[in-house]
Amino acid sequence: MNYSIKNLGAGIGLSVFCTLPAYADGIDQMFTADGNYIDEIEVIGDVEVASGETMALLEMRAQHMKFYVDPDAIYVTMDENNPILTENKPFFGFWVSTQSPDISDWPNCGYNVVDEHGTPYDAHGTLVWTNTDIAPNGYSLAYSIDIGICEKGQQPWAYSRASIEMSPDAGVPHGDIPDQNIYTITDSKGAEYTVEANDGWAVLTSVEAREIVVPMADTEQSSQTYFEQDVLNMYADCVTGSVHYGYGTWSWANGGFIIDFDNVSFSFPRMDAPPNNDGACRM
């Protein structure tokens, strides 16, 4: 099995009497052991994987990683006497990289792991999730994630903000923490696009200037060519717009999402569509 990690916001904590999110949006910032920022990790929810097991799914969007972990590791009773914390019980899982193998920073491990939709992934590995303590604020968890790559054993990799702040050796988290509403994705042709996402809409801007050929509405069927950054607007109602291509539509499936205009299409395999619209616009 293989595993992928996305930012988990200190998980969803359970108080002794009621459910209490460690962070209201289920998002936490993750750091290296020496306090350098890696990415945010987000709790997506529970899913059933190919083995029939129910696992908690988390994502690190900027790292293009998904993580599948025993739900008991994520939904923790916030009690200082909880054995999960006092015994530092390890929980096992796996991760996958959602990037294409030709652009991924991870090695190609082969098609021997699939996600909850049955989609196979090349780059993947195992993980160990360990909760270690409760932060002084009473609702944040200190935890760490060790990951293995392909068949290699797990090595220390990422630590929650609470874990870094509570460590006498690590000190205060440092390094630039980027705006988490802005990240980068790659289309099927290898072109990178910066995504600025907000509730109900997203703007995709090509990182590099590119040749844009626009058909002209005249009897000679001529075209005009531009060399500039491409800008694609996506909206929650499945509509997309561009200054060059006019209006079109977008849709998603388990294998990624597509933006369609009359004369051109953009495909983003293994990528989640950025507008938050509760799963609408499915193919």
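At least 1 residues that are closer than 17 Å to Met271 by Cα and outside the structural domain of Asp187 (by the TED database) in each: list the strands (runs of 3 or more DSSP E) lying fully within segment 54-152 that qualify.
54-60, 65-69, 90-97, 124-134
Name every residue in segment 110-123 that is within 14 Å of Val69 (Cβ to Cβ) and either crowded, with 24+ Cβ neighbours inside 10 Å or touching a Leu at 6+ places or on another chain (Cβ under 8 Å) (or both), in order of residue number.
The one that is within 14 Å of Val69 (Cβ to Cβ) and either crowded, with 24+ Cβ neighbours inside 10 Å or touching a Leu at 6+ places or on another chain (Cβ under 8 Å) (or both): Glu116.
Could you tell me whether segment 78-100 includes any residue that is open to solvent by 20 Å² or more (accessible area, probe 1.4 Å) and more than 30 Å from Pro136 (Cα to Cα)?
Scanning segment 78-100 turns up at least one residue that is open to solvent by 20 Å² or more (accessible area, probe 1.4 Å) and more than 30 Å from Pro136 (Cα to Cα).
Is segment 65-83 home to any residue that is of a type in the set (Asp, Glu), under 30 Å from Ala191 (Cβ atoms) and in contact (Cβ under 8 Å) with a residue 12 or more places away in the chain?
No: segment 65-83 contains no residue that is of a type in the set (Asp, Glu), under 30 Å from Ala191 (Cβ atoms) and in contact (Cβ under 8 Å) with a residue 12 or more places away in the chain.
Matching residues to (1) in the same structural domain as Thr132 (by the TED database); (2) modelled with pLDDT of 80 or more; (3) assigned to a loop (DSSP other than H, G, I, E, B):
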position	(1), (2), (3)
Val203	no, yes, no
Asp218	no, no, yes
Thr225	no, no, no
Asn233	no, yes, no
Trp250	no, yes, no
Asp262	no, yes, yes
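Filter segment 21-39 for residues that are acidic (Asp, Glu) and either surrounded by fewer than 24 Cβ atoms within 10 Å (Cβ to Cβ) or part of a loop (DSSP other than H, G, I, E, B) (or both) and give the result. Please lay out each step first, then the result.
Taking segment 21-39 as the starting set, the residues that turn out to be acidic (Asp, Glu) are 25, 28, 34, 39.
Residues satisfying the conditions are Asp25, Asp34, Asp39.
Quick check on segment 143-157. Is at least one of its residues of a type in the set (Gly, Ala, Ser), under 21 Å from the mean Cα position of the chain (by Cα) and under 17 Å from Val43 (Cα atoms)?
Checked segment 143-157: at least one residue is of a type in the set (Gly, Ala, Ser), under 21 Å from the mean Cα position of the chain (by Cα) and under 17 Å from Val43 (Cα atoms).
Per-residue answers, yes or no, for (1) modelled with pLDDT under 85; (2) among the basic types (Lys, Arg); (3) within 19 Å of Ser167 (Cβ to Cβ):
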| position | (1), (2), (3) |
| --- | --- |
| Asn82 | no, no, no |
| Phe92 | no, no, no |
| Asp102 | yes, no, no |
| His117 | yes, no, no |
| Gly148 | no, no, no |
| Lys152 | no, yes, no |
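What number of residues within segment 237-283 are of a type in the set (A, V, I, L, M) and surrounded by fewer than 16 Cβ atoms within 10 Å (Cβ to Cβ)?
Total satisfying the criteria: 5.
The values are calculated or read from the model by the stated rules, or taken from the named source; none is laboratory data. Since the model is a prediction, treat every value here as computed from it, not as a measurement. Neighbour counts run over all protein chains shown; Cβ positions are idealised from the backbone, glycine included. Note: accessible area is taken over every heavy atom of the protein model, side chains too, but ligands, DNA and RNA are not part of it. Shrake-Rupley method; radii C 1.70, N 1.55, O 1.52, S 1.80 Å.
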